[in-house]
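Everything on this sheet refers to the single structure shown next.
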Amino acid sequence: MRRALALTWTLSTLAALPAAGATFDFDHAPGRLPKNVVPLDYQLSVTPKLETRTIAGTESVRLRVTAATAAIVFNSLNEKLADVRLDGAPVAAVIADDARQITTVTLARPAQPGEHTLSFSYTALLETQPHGMFLQQYVKPDGTRGVLVSTKMESTDARRMFPCWDEPAFRATFELTVTGPSAWATVSNMPVARREEHGGLATTTFQRSPAMPSYLIEFTGGDLAAISAQTEGTALSLWAVRGREREGQMALADAQLILADYNDYFGLPFPLPKLDAIAVPGGFSGAMENWGAITYNDKLLLLNPDSTIADRQAVFSVQAHEIAHQWNGDLVTMAWWDDLWLNESFAAWRAANETDRRNPSWKWWQQQDAAKERAMRSDARLSTHPIQQPVADELQAANAFDEITYEKGQSVLRMLESYLGPELFRDGIRRYLRARAYSNATAGDLWVALAQASGRDDVVQVARDWTEQPGFPLVTVTAGCSGGVRTLTLSQHRFLVQGDDPNAPRWRIPLRVRVGDAVPRTELLVHDGQQSAAGRCDEPLSVNAEAIGFFRVRYDAATFATDVRAFARLPEGDRIALLDDAWALSLAGEQPLGSYLALAAAMGRNHNSRAWDQIAASLGALERDERGSPGHAAFTARARALIKPMADSLGWDPRPGETPDVQRLRRTLRFDLGEWGDPHTLAEARRRFAHFVTDRSAIRPDDQESVLTVVAHAADEATFEQLHAIARGEKDEAAQRRYYLALMQVSDATLAERAAEAALSAEIPPQAADLRLHLVTALAGRHPALAWRVFTANADLLLAPYPKYAPLITSQEIPEVFWEAAEPQQLEAWVRARLPAEMSPNIARGMEAVAVRRAERQGLMPAIDAWVRVR
Ligand SMILES: [Zn+2]
């Protein structure tokens, strides 16, 4: 049974809907497995066998049968069960269907309601890609090869390690036992209960876990070492390949801070006795919030003198995300994958708040604006989906992990928090967690808690408008002026970059209206023609102060002109919102490109890094569209002139007391000046690179990306070989990634072929296999046809490190990357041939992105040429 989603009501029909949507009810939670047999406790014992790449296991599951049944049905994949018994008696038949990933046990006689025990032995595969229990090869700090075993279960891969009820509503307790080499350190969700050595092996049993879903099970074993600390009664450890654990000191300090902050924010202390962070050398590219034992790609946890500020920021923000999941996701889990956003949007929003609060100089929410804009770009297309989206069966769950679930979800929660106020919002979340702890939840549970905590019913309707409908609105602001006093008339319609939505959806829009430099006031836009007093007519105006709202705004010409005049003095977030909107409106053909460029030209020497970042990225997009056209040289000259005064005022090297934000701005502008052919920038980058060839400390890690990219872009064969030799010889993986990525920026076609060969070669160490796809897509920036040829010929190799996300990447990201590399029909045919039919909605999203990009280029070219001519 599924709840109705994707509702396209109008405001007048909203009142008739149930107040908050369905709340959690186990019997009616969606899923494929029958609900009449419920696992209560697993006793699981596994022996991973490295030589044969298999797992030998025994399993005993205590079950509650709620209605008499002749069969027991659960998930399995590539497993062989033997000696299957219920309450000690052999069963009649066992059929494993790997296509459906389901095993059906037919009982000798029906099981009556009550508790029973299902037991069996089994074999499974020890995987070599990061799903289920997998073997990970890596190069050790001393250059020798090592191997470890780890796990990655979300969404549906616990069933690869052991037969189980692998749907999130089936919470159970787990007692895990693992037998492996006695030299191994072993980590799981819970602390070690007992350990026995026998011969060269050790058998480790971990304490029984609290009730949790199967996708949160974790085990890592290998030659690992840890550093440890204590926070408010919780033992915190950071595990890494032996010899690298000290590189986790910063991460461990962050984890202490974050855990204490979350204990306070959520109002419930972290519920397990310990929390481990495990740095897995490669294998998978992100991090996974296993309860009590979070696994990270080691680049997201370990820092050394070669690390950049961006690496440092990732260490904090990714931990802040995964630790937030220990409450939102682990303690309280979404009932079904259609509410994945309850996990991911929440963790993303909580992490951004925490990162911003603890590192104010990073201006983290401003940096997150770039992610919000990416989500708005996708969400401005007809093929987008609501934050809450149908997930027909759990095998499709992985396709929900996209920018709508993460970035739009994070932005919408921020908007709701701003609307209710941070205290009431926090109280609602505390109430929600207390009510649903050690269980599951739906969006309805959250809305009920927010409404109860705030005493405001309207929050439910606002929240549902934004989570159950696709897309977002464009707010039109028309100012009327009488005696110098301004009155706004407000209206809305769905913002689409192409086409129209016949359903004409509506939103209750939380505006934050700022006049001049006053503190913003909150106002809910409910009906078209709504009027609002807004100060004097000559004061700047924003109805999306601090760029918190997930909507676009179009101001009437006079108000826009007032904002342009005051642009350099506006609060930073208001300035960013104006730039974002003007750029999006010009791409959609709703406002002339000149309006956007007028804002860009009004920046002056303002140090607002995100604003400049936005301008540089937009000019970069225009530059790309102009490539190969007669107007290219004139355009780049004009673009350089726009950013060069700012770049020159910042110079090349950091100054004492500068924030990371300003340093980032300097790198962005230098990078673009180089890209757009500024001879002084190229000469200085080459001079610095010449030193770097003999002395790796000559360019700070933070500056390497921009300097090396500029050099690589203009590289001749000798320079290419110098950079290639540096990349090949580098031992530090983070530095090596930077060097190879720079190598992909070569302009010369012959050298680009050699860059492609390097990306595919065994020069890339096994733990960096995920880098290959990044390299080939980076190559697409300057050599789309070559990159497409290389990608299609090697897609299996390039996508292998992403077993969970490969369908999503193939359907939605690949068309967008290669939009100009091949004809749309050719792109679509290739994608369709690789994917099952149920991926059609995702393919439609990818292909709409291609169509939009092509149309944008066509629309922009004349506007760019006009801008270049006018001086
Ligand atoms: Zn997450």
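Quick notes on this one:
- Scan of the stretch 305-352 for residues that are within 12 Å of the ligand (Cβ to nearest atom), closer than 23 Å to I404 by Cβ and of a type in the set (V, I, T), ordered by number: V318
- Screening the candidates D517, D501 for the property of being out of contact with any strand residue (DSSP E or B) (no Cβ under 8 Å at 6 or more places or on another chain), open to solvent by 20 Å² or more (accessible area, probe 1.4 Å), touching a residue at least 12 places away in the same chain (Cβ under 8 Å) and in a loop (DSSP other than H, G, I, E, B) yields one hit, D517.
- Test set (1) touching a Lys or Arg at 6+ places or on another chain (Cβ under 9 Å); (2) aliphatic (A, V, I, L, M); (3) open to solvent by less than 20 Å² (accessible area, probe 1.4 Å); (4) in a helix (DSSP H, G or I) - A734 fails condition number: (3)
- Residue that is surrounded by the fewest Cβ atoms within 10 Å (Cβ to Cβ), among those in the stretch 224-236 that are β-branched (V, I, T) and closer than 19 Å to Q326 by Cα: T231
- Considered as a group, the residues in the stretch 211-268 that are β-branched (V, I, T) and not in a strand (DSSP E or B) include one that is nearest to the chain's Cα centre (by Cα), and that residue is I258.
- P271, sole failed condition from (1) more than 16 Å from the ligand (Cβ to nearest atom); (2) touching a helix residue (DSSP H, G or I) at 6+ places or on another chain (Cβ under 9 Å); (3) closer than 21 Å to S209 by Cα: (2)
- Hey, S361 polar (S, T, N, Q), within 14 Å of the ligand (Cβ to nearest atom) and touching a residue at least 12 places away in the same chain (Cβ under 8 Å) or not: no
- Inside the stretch 616-674, residues that are of a type in the set (G, A, S) and not in a helix (DSSP H, G or I) make up a count of 5.
- Of all residues making up the stretch 143-165, the number that are open to solvent by 10 Å² or more (accessible area, probe 1.4 Å), under 14 Å from A398 (Cβ atoms) and of a type in the set (S, T, N, Q): 1
- Of everything in the stretch 274-289 that is part of a loop (DSSP other than H, G, I, E, B) and over 17 Å from the mean Cα position of the chain (by Cα), the residue that is farthest from the ligand (Cβ to nearest atom) is P281.
- Residue count, the stretch 770-785 (criterion: under 14 Å from I814 (Cβ atoms) and not in a helix (DSSP H, G or I)): 1
- Selection from the stretch 186-210 of residues that are open to solvent by 30 Å² or more (accessible area, probe 1.4 Å) and of a type in the set (G, A, S): A193, G199, G200
- The set of residues in the stretch 442-473 that are among the β-branched types (V, I, T) and under 15 Å from G421 (Cβ atoms) comprises V459, V462.
- Checked against (1) touching a Ser or Thr at 6+ places or on another chain (Cβ under 9 Å); (2) more than 14 Å from the ligand (Cβ to nearest atom); (3) at pLDDT below 95, A400 passes all but condition (2).
- Filter pass, R350 being touching a Leu at 6+ places or on another chain (Cβ under 9 Å), in a helix (DSSP H, G or I) and charged (D, E, K, R): yes
- Filter result (open to solvent by 20 Å² or more (accessible area, probe 1.4 Å) and either within 16 Å of the ligand (Cβ to nearest atom) or closer than 27 Å to R737 by Cα (or both)) within the stretch 237-268: W239, R242, G243, R244, E245, R246, E247, Q249, M250, A253
- For A99, the conditions (1) more than 27 Å from the chain's Cα centre (by Cα); (2) open to solvent by 10 Å² or more (accessible area, probe 1.4 Å); (3) in contact (Cβ under 8 Å) with a residue 40 or more places away in the chain all hold with the exception of (3).
- Contact map, the stretch 322-333: residues that are under 16 Å from I217 (Cβ atoms) paired with residues that are within 11 Å of the ligand (Cβ to nearest atom) and of a type in the set (G, A, S), Cβ distance under 9 Å, separation 6+ or inter-chain. Pairs shown: E322/A287; E322/A347; E322/A351; H325/A347; G329/A347.
- Residue selected from the stretch 430-447 under the condition of a type in the set (S, T, Y) and within 22 Å of S214 (Cα to Cα), by the criterion least open to solvent (accessible area, probe 1.4 Å): T442
- Residue check for P766: of a type outside the set (V, I, T), surrounded by fewer than 21 Cβ atoms within 10 Å (Cβ to Cβ) and under 24 Å from the mean Cα position of the chain (by Cα): yes
- Meeting the requirement of 2 or more residues that are open to solvent by less than 60 Å² (accessible area, probe 1.4 Å) and among the charged types (D, E, K, R), the helices (runs of 4 or more DSSP H) wholly within the stretch 788-871 are 840-869.
- Checked against the criterion of being of a type in the set (A, V, I, L, M, F, W, C), over 17 Å from M415 (Cα atoms) and open to solvent by 20 Å² or more (accessible area, probe 1.4 Å), the candidates V526, V477, V485 yield just one match: V485.
- Verdict on L302 being away from the ligand (no atom under 14 Å from the Cβ), within 25 Å of M190 (Cβ to Cβ) and either surrounded by 24 or more Cβ atoms within 10 Å (Cβ to Cβ) or of a type in the set (K, R) (or both): yes
- Complete set of residues in the stretch 403-432 that are hydroxyl-bearing (S, T, Y), within 16 Å of the ligand (Cβ to nearest atom) and at pLDDT 95 or above: S411
- Unmet criterion (only one of (1) surrounded by 16 or more Cβ atoms within 10 Å (Cβ to Cβ); (2) out of contact with any Lys or Arg (no Cβ under 7 Å at 6 or more places or on another chain)) for A785: (1)
- Within the set A370, A352, the sole residue that is open to solvent by 10 Å² or more (accessible area, probe 1.4 Å) and in contact (Cβ under 8 Å) with a residue 24 or more places away in the chain turns out to be A370.
- Screening L33 with (1) within 32 Å of the chain's Cα centre (by Cα); (2) modelled with pLDDT of 90 or more; (3) farther than 23 Å from M212 by Cβ; (4) not basic (K, R) gives one miss only, at (3).
- Every pair of residues 6+ apart whose Cβ atoms lie under 8 Å, when the first sits in the stretch 335-348 and is closer than 19 Å to A437 by Cβ and open to solvent by less than 10 Å² (accessible area, probe 1.4 Å) while the second is within 14 Å of the ligand (Cβ to nearest atom) and hydroxyl-bearing (S, T, Y): N343/T333
- Among the residues of this structure, G221 does not count as one that is among the small types (G, A, S), on the phi > 0 side of the Ramachandran plot and surrounded by fewer than 24 Cβ atoms within 10 Å (Cβ to Cβ).
The values are calculated or read from the model by the stated rules, or taken from the named source; none is laboratory data. All values derive from a computational prediction rather than experimental measurement. Counting neighbours? That spans all protein chains shown, and the Cβs are built from the backbone with ideal geometry, glycine included. The area values use the complete protein model at the heavy-atom level, side chains included, leaving out ligands, DNA and RNA. Shrake-Rupley method; radii C 1.70, N 1.55, O 1.52, S 1.80 Å.
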